[in-house]
1. I'd like the full set of residues that are small (Gly, Ala, Ser) and either under 13 Å from A:Tyr195 (Cβ atoms) or without any contact (Cβ under 8 Å) to a residue 60 or more places away in the chain (or both), limited to the stretch A:95-126.
2. For the stretch B:315-348, give me each residue that is open to solvent by 10 Å² or more (accessible area, probe 1.4 Å) and of a type in the set (A, V, I, L, M).
3. Assess whether A:Asn147 counts as being farther than 21 Å from B:Leu33 by Cα and assigned to a loop (DSSP other than H, G, I, E, B).
4. Limited to the stretch B:139-156, what total is found for residues that are part of a loop (DSSP other than H, G, I, E, B), within 17 Å of the chain's Cα centre (by Cα) and more than 12 Å from B:Phe391 (Cα to Cα)?
5. For the stretch A:90-126, name all the residues that are away from every other protein chain (no Cβ under 14 Å) and either part of a strand (DSSP E or B) or within 15 Å of the chain's Cα centre (by Cα) (or both).
6. If the Cβ limit is 7 Å and pairs must be 6+ apart or interchain, which residue in the stretch B:365-391 that is within 10 Å of chain A (Cβ to nearest Cβ) pairs with which residue that is surrounded by fewer than 24 Cβ atoms within 10 Å (Cβ to Cβ) and among the polar types (S, T, N, Q)?
7. Filter the stretch B:7-62 for residues that are out of contact with any Asp or Glu (no Cβ under 8 Å at 6 or more places or on another chain) and of a type in the set (Asp, Glu) and give the result.
8. Which ones in the stretch B:147-205 are within 14 Å of chain A (Cβ to nearest Cβ), under 21 Å from B:Pro359 (Cα atoms) and open to solvent by 10 Å² or more (accessible area, probe 1.4 Å)?
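The values are calculated or read from the model by the stated rules, or taken from the named source; none is laboratory data. Quantities reported herein were computed from a predicted structural model and do not represent experimental measurements. No Cβ is skipped: glycine too gets one built from the backbone with ideal geometry, and neighbour counts run over all protein chains shown. Quick note on the areas: whole protein, heavy atoms, side chains included, nothing else; ligands and nucleic acids left out. Shrake-Rupley method; radii C 1.70, N 1.55, O 1.52, S 1.80 Å.
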Amino acid sequence: MSLYIPKHTTVEQDEWQSLKAFTAARIALGRTGVAIPLKEALQFKLAHAHARDAVYAALQEKELMQALQLFHLPIFSLCSKANGRHEYLQRPDLGRQLSEPSIKQLTGKKPNGDIALILADGLSATAINNHALRLLQLLIPLLQQANFLLTPISIVQQGRVAIGDEIGSLLQAKIALVLIGERPGLSSPDSMGAYITFQPTVGLTDESRNCISNIRPEGLNYHAAAMKIFYFINQSLRLKISGVNLKDEMDLLT
Amino acid sequence: MPYHFTIKSQRYVFDDLKTLLAKATPFRSGDALAGLTASSYEERVAAQIALADLPLKTFLNEVVVPYETDEITRLIIEEHDAGAFAPISHFTVGELRDWLLSDAANTNTLEELADGLTPEMVAAVCKLMRNQDLILVAQKCEVVTQFRNTIGLHGNLSTRLQPNHPTDDAKGIAASIVDGLLYGSGDAVIGINPATDSPAAVANLLNMLDGLISKFNIPTQSCVLAHVTTTLQLINQNAPVDLVFQSIGGTEQTNRSFGISLSLLDEVYEAALSLERGTVGDNLMYFETGQGSSLSANAHHGVDQQTCEARAYAVARRYSPMLVNSVVGFIGPEYLYDGKQIIRAALEDHFCAKLLGLPMGVDICYTNHAEADQDDMDSLLTLLGVAGCNFIMGVPGADDIMLNYQSTSFHDALYLRKVLDKKPSPEFEAWLLKQQIMDGDGNRLPIHAEHFLLNEF
């Protein structure tokens with residue numbers, strides 16, 4: 001009996017590599033038997049590892065607070081009612097509410113601002129760690145040049161989008177702008193979202209907000225994102241609405 | 001009516017049927033989020049013991065969502081077939097479980113029984129069954145549907161080719177379709193989730209799919225998974241609509257959150273039938289479901305998520321659909337936390353739908369914030385293959401770059417066919433053989449750069 005062991009790889013490449021030019025989908029992977037070749041399987045695993053690490057990443061709060069000093073705005077460090085990541089993932093309701101100490105921090109302040117800036121970890125603190133500062137460096141000057149008053153900046157741990165309603169309402173802001181880490185995809189572990197809510201009040205739902213998604217250099221870049229957010233804030237304050245009734249007609253202006 | 005059971009000196013009381021069902025449900029995060037779970041392991045088993053003794057007739061007299069305000073409840077009661085139910089009408093839920101597992105329950109008897117069962121009966125018995133029970137009974141069921149090919153025969157495993165693209169780029173989508181076809185995928189349907197629901201964009205995709213299927217003479221059907229209102233509009237404009245897609249839920253209010261009602265589904269179903277595009281049959285609806293949608297829409301009425309899910313199957317079976325699948329792990333960890341919960345839910349959904357007579361497939365999937373990975377999906381894939389699942393998804397490399405979640409790859413389907421000796425739909429298999437893509441043993445043949453499918457590019 002003899003066992004045939006090939007000297008070279010058993011992996012059969014697919015003859016249609018050129019099709020990869022048309023899509024980022026994982027096509028033309030080749031095969032060994034009916035299985036995906038190891039090289040591709042490990043690439044997939046690595047992408048999943050990045051996404052998982054992003055879900056469990058923590059906000060680099062100290063570094064963020066230090067860097068945000070350049071805007072000369074007070075900064076609050078807040079957290080939601082969710083204790084830790086496991087509870088956060090299973091109880092979205094708790095991630096939408098401020099903890100008692102955080103409420104105390106905001107109560108009794110005498111804010112006078114139009115726009116509450118809120119940074120929340122969401123499902124990818126990596127997104128905020130990587131992109132929030134660089135977006136704000138473009139956005140805050142735009143808002144200041146337009147003479148909008150900014151409230152203190154809030155940094156929120158274990159936060160969901162709707163926590164901006166409670167913060168915005170306590171700060172009596174006309175608009176809450178929440179920058180938050182989006183659910184990581186395999187090819188986008190650090191995608192940031194921006195949510196704009198006019199007259200933030202506890203109990204609002206998603207149809208009351210405008211969302212700008214996929215903010216990262218490989219997606220919607222910082223400049224385009226800042227312009228889009230600035231546009232929505234202007235329109236929202238002018239029309240006194242946000243959400244499904246506030247349409248994106250920015251392209252019509254250019 | 002309250003139900004109760006006493007263990008030692010502890011008397012457990014369950015205020016009504018929906019509470020009994022909820023407390024008897026194996027633990028999952030969504031029911032905890034809704035505040036419906038048993039408060040201890042003991043209470044859960046007490047509920048299961050009480051549920052086992054409940055006569056099946058109870059479900060015809062006590063509803064879990066009010067009849068007056070919910071059209072799904074009315075549908076369930078009004079469509080119930082007393083004749084089909086008669087042979088088991090004396091059973092308790094527990095006796096039904098034992099009978100289902102017995103040799104007396106075979107493919108024929110289960111088919112005859114389907115219209116005599118209500119979703120709540122099936123959900124109830126499911127809560128008393130272990131995973132292997134769910135697999136064994138589902139495997140006995142055979143639900144066959146036809147449009148341009150035949151799906152669901154015993155020994156077959158089909159796939160929905162899912163070639164999504166983040167901007168609906170036609171060439172990008174076509175590249176994924178060709179890749180899938182060359183890996184033997186796409187017999188259940190070639191189905192695109194469009195990035196935008198605009199009628200013009202959806203019409204473009206429908207025309208592209210229709211062109212591909214006609215040009216290569218592929219015995220399969222297409223679908224662009226737009227909202228039914230969009231599809232209805234396109235049918236009226238004579239767009240080439242094969243299968244009509246819609247997400248559905250198990251309460252009227254859930255469906256309202258999806259922007260649909262039974263009368264709207266009736267209208268689009270009739271419109272699609274009038275196109276007469278099927279060649280071997282006229283099953284043409286395609287429904288997606290998933291545990292947690294009612295809670296997510298704030299429309300669960302205190303009913304556990306597995307029972308809500310089973311009620312969605314009452315909606316589905318009204319339209320003799322071609323395909324139904326649960327998108328089990330897509331909804332996220334606040335509803336199904338980890339691999340264990342996703343696997344259990346998928347086996348439940350598949351079992352309940354099959355018992356109710358539906359052509360059930362499963363999107364074996366997870367998101368990156370769930371405690372799950374490819375190993376969990378491999379386990380579930382294998383279990384569902386054994387259970388006789390009609391179809392699974394085929395996504396390039398298991399990575400959906402538009403919806404940002406992981407499903408099953410083209411390779412996964414070939415694995416399952418190989419280890420379980422399964423075949424694609426017979427018409428589609430004949431096409432694969434003719435095009436020299438696969439051999440009769442399910443092995444991929446070497447494909448040369450001159451293969452005519454590649455001429456498209």
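1. Answer for the stretch A:95-126, where residues must be small (Gly, Ala, Ser) and either under 13 Å from A:Tyr195 (Cβ atoms) or without any contact (Cβ under 8 Å) to a residue 60 or more places away in the chain (or both): A:Ser99, A:Ser102, A:Gly108, A:Ala116, A:Ala120, A:Gly122.
2. Answer for the stretch B:315-348, where residues must be open to solvent by 10 Å² or more (accessible area, probe 1.4 Å) and of a type in the set (A, V, I, L, M): B:Val327, B:Ile331, B:Ile343.
3. yes
4. 2
5. A:Leu98, A:Ile115, A:Ala116, A:Leu117, A:Ile118, A:Leu119, A:Ala120
6. none
7. Matches in the stretch B:7-62: B:Asp15, B:Glu42, B:Glu43, B:Asp53.
8. Correct list: B:Asn193 only.
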